[in-house]
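Asks: Okay, handing you the structure first.
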Amino acid sequence: MSNISSLFSIIKKWAKNGKLDSSDVIRAGVLVADELDKASKYNHKGKLKRKSFSQTAQEITLIKQAYRCNICKKKLDIINFDHIDGDRSNNSITNCQALCPNCHAKKTRKIE
Ligand SMILES: [Zn+2]
């Protein structure tokens, strides 16, 4: 667990310094985030703890999208994290995308 955490801080540092442009490294980050998610998903009673995306999932998503909206590709000032499949209980990193408020509102309206 602590090894995974320190690996993740290294990946984050690389991303910040612009050294991270290989999709392999990003994929590794996604795997790390998933492991962290699994480890922190349940409380000691075995009940689901989280109701939204973890900090790790959000950070990796932003790195993956190069801090741009996943739909209109504009640089993100205000970030909305969206459940891709619309299922709010599915907080897996693969179900997470970062959107600008505009695209998020449009997508939400389409679903309802
Ligand atoms: Zn957008």
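The values are calculated or read from the model by the stated rules, or taken from the named source; none is laboratory data. Quick caveat, the model's predicted, so the values are computed rather than measured. A quick note on method: Cβ atoms are made from the backbone with ideal geometry, for glycine too, and the neighbour counts reach across all protein chains shown.
Asks: Taking segment 90-112 as the search range and keeping residues that are touching a residue at least 24 places away in the same chain (Cβ under 8 Å) and of a type in the set (G, A, S), which one is nearest to L36 (Cα to Cα)?
Replies: Among those residues, the one meeting the criterion is S92.
Asks: Further, regarding this structure: Taking the options K73, K45, K51, name whichever one is among the charged types (D, E, K, R), outside any helix (DSSP H, G or I) and at pLDDT 75 or above.
Replies: Going through K73, K45, K51 in turn, the sole match is K73.
Asks: Kindly provide the set of residues from segment 79-101 that are crowded, with 19+ Cβ neighbours inside 10 Å, within 13 Å of the ligand (Cβ to nearest atom) and assigned to a loop (DSSP other than H, G, I, E, B), ordered by number.
Replies: C100
Asks: A further question follows. Among what's in segment 66-78 and is of a type outside the set (A, V, I, L, M) and surrounded by 17 or more Cβ atoms within 10 Å (Cβ to Cβ), pick the residue that is nearest to the ligand (Cβ to nearest atom).
Replies: Out of the qualifying residues, it is C69.
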